[in-house]
Amino acid sequence: MRIVFVIRDLTNGGAERGVTAFVNALAALGEDVHLACIADIPDDYDVDPGVSRHLLTFASNVTIPKLRGLCKMLHPAAQIRRLAADVVISVNVPAEYYREIFWATRFSKTRLVYSVVNNIEKKSVDKAKRRRWKKECFLADAIWLQTSGQRRFFPRFMQKKIFEAQNILDSRFLEVKREKRTRVRRFISVGRLHPQKDQKRLIAAFADMVRRTQDQEATLTIYGKSGRSYADTETELRMLIRQYQLEERIFLPGRVSDIAQKYEEADAFVFSSVYEGCPYALMEAMGSGLPCVSTDCPTGPSDLITNGKDGILVPVGDVQAMSLAMQYLLEHPQEAYQMGMAARQRMREWGSPQKIARQLLRQFQRICS
């Protein structure tokens, strides 16, 4: 089966790490897997050499503006059509490219699958974005959800197009060394610097914990970088850190390539998103054996964490609840360690990459038949 994943690039995000995991797992099963990227940006994640790579961005010496614009518009569709795929999966693709991909798959054997990597609840995203996502789902031949909770955001007539396939966790995170901690001091968070991730409230919660406990050693490191659309987010976060006078306690080092090593060095993980699909960073932290505090988004974290057993869930946007949860881990290192071990066991039972990839492959075969 020829399978083509289309994505903007392989940088700075859980959806990108997820696509990498799936193309690698499907390639390992011997499938004809292709990866089509829109932006020509160096990858942050390692792709199996058996995966064929393609660039959808038009590159040519054409100088006539109107002709160049026409070629730029038609090039993605021509590339997709040339691949003659059985299935094309769209993941976080800009609207103008999705339109071309849609027409490229019409009147052919190719089936278009829309991958929903977030939830589209009214409270989570703005009206325009929600309307666009629903339109794109309507145009697709099938809709791929990460959790069953996402299903409730779609009308009844679209339910028959929906299938579920959970995320793949890279097994290397289950191999991260985790020695028993006698103290919890190094908190980390992983995610692009974006309003969706709500790092402002995370910083406020950490500052509140420090103020109440008078702790002199706890630190918070947030790994991630602002995207092009929200380049000012990092500036705002740094201003907030200065406002709390915690420059020596809260750090924003940007993206790192050795994130598994950072999980190993950390004592606890904090996740502050407003909305999610099924967050990869939280899965990775749990697999690494870290005790985790997470906001209870409408979908995602509650599919991973049983509150009080293998993590702590707090209401979205509740600074005090997050602060108290972090304080609990800080003051109860033994319980925090046990919680981290329970989280790792939860991820061990999640399912191997090969098993999940086979389940997804069966869904693709069903769609094509």
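Sorted from fewest to most neighbouring beta carbons within 10 Å, what does the list E179, E234 look like?
Ordered from fewest to most neighbouring Cβ atoms within 10 Å, E179, E234 come out as E179, E234.
Mind running the shape call on the range 171-348? Use the C-alpha gyration tensor, a ≥ b ≥ c as the square roots of the eigenvalues: rounded below 1.5 for a/c, prolate if a/b tops b/c, oblate otherwise.
Judged from the Cα gyration tensor, the range 171-348 comes out rounded (a/c under 1.5).
What size of dipole, in debye to the nearest 20, comes out for the chain about its Cα centre when the only charges are +1 on Lys and Arg C-beta atoms and -1 on Asp and Glu C-beta atoms?
1560 debye
Answer rounded, prolate or oblate for the range 170-267, using the Cα gyration tensor with square roots of eigenvalues a ≥ b ≥ c: rounded when a/c is under 1.5, else prolate when a/b is larger than b/c, else oblate.
oblate
Which one, L313, Y280, A205, is farthest towards the positive end of the dipole of the range 171-348 when Lys and Arg carry +1 and Asp and Glu -1 on their Cβ?
Y280
Which of the peptides 276-287, 235-246, 331-342, 146-157 is most tightly packed, and how do the rest follow, judged by the mean count of other Cβ atoms within 10 Å per residue?
Per-residue Cβ counts within 10 Å, averaged per peptide and sorted highest first, yield 276-287, 331-342, 146-157, 235-246.
Considering the options L145, Q166, L324, tell which one lies farthest towards the positive end of the dipole of the chain, charges being +1 on Lys and Arg and -1 on Asp and Glu at the Cβ, about the Cα centre.
L145
Can you tell me the dipole magnitude for the range 171-348 around its Cα centre, using point charges on the Cβ only (Lys, Arg +1; Asp, Glu -1), in Debye to the nearest 20?
260 debye
Take the alpha carbon atoms of the range 265-339, find their center, do the same for the range 200-216, and report the distance between the two centers in whole angstrom.
16 Å
Quick check: the angle from helix 319-331's long axis to the longest principal axis of the chain, C-alpha only, nearest 10 degrees?
60 degrees
Calculate the spin-label point distance for Q159 paired with M341, positioning each point 7 Å from the Cα along the beta-carbon direction, and give it in nanometres.
Taking the simple label geometry, M341 and Q159 are separated by 4.3 nm.
To test your reading of the geometry: what angle, between 0 and 90 degrees and rounded to tens, separates the Cα axis of helix 14-28 from the longest principal axis of the chain?
The two axes meet at around 60 degrees.
Only helical DSSP H runs with n ≥ 4 go in: add -39500 (n - 2.57) per run for the chain, normalise by residue count and round the 222 nm mean residue ellipticity to 500 deg cm²/dmol.
Value at 222 nm, helices only: -12500 deg cm²/dmol.
Under a point spin-label approximation (7 Å from Cα along Cα-to-Cβ), what is the M1-R362 distance to one decimal in nm?
Here the modelled spin labels are 1.1 nm apart.
Please compute the contact order of the range 171-348 in relative form: average sequence separation of alpha-carbon pairs under 8 Å and at least six residues apart, divided by the residue count, as a percent.
About 29 percent, as a whole number.
From the square roots a ≥ b ≥ c of the eigenvalues of the alpha-carbon gyration tensor of the chain, which class results: rounded (a/c under 1.5), prolate (a/b over b/c), or oblate?
prolate
Any idea how far apart D40 and E96 come out in nm if each label point goes 7 Å out from Cα toward Cβ?
Calculated label separation equals 1.7 nm.
Of the peptides 33-39, 203-209, how do they stack up when ordered by the mean number of other Cβ atoms within 10 Å, highest first?
203-209, 33-39
Round to the nearest 10 and give me the degree value, 0 to 90, for the angle of helix 233-243's Cα axis relative to the longest principal axis of the chain.
Long axis of 233-243 versus the principal axis of the chain: about 10 degrees.
FYI, it's all coordinate maths here, none of it is from the lab. What you see is a predicted model, and the numbers here were worked out from it, not measured in a lab. Neighbour counts are summed over all protein chains in view; Cβ atoms, including those assigned to glycine, are modelled from backbone coordinates with ideal geometry.
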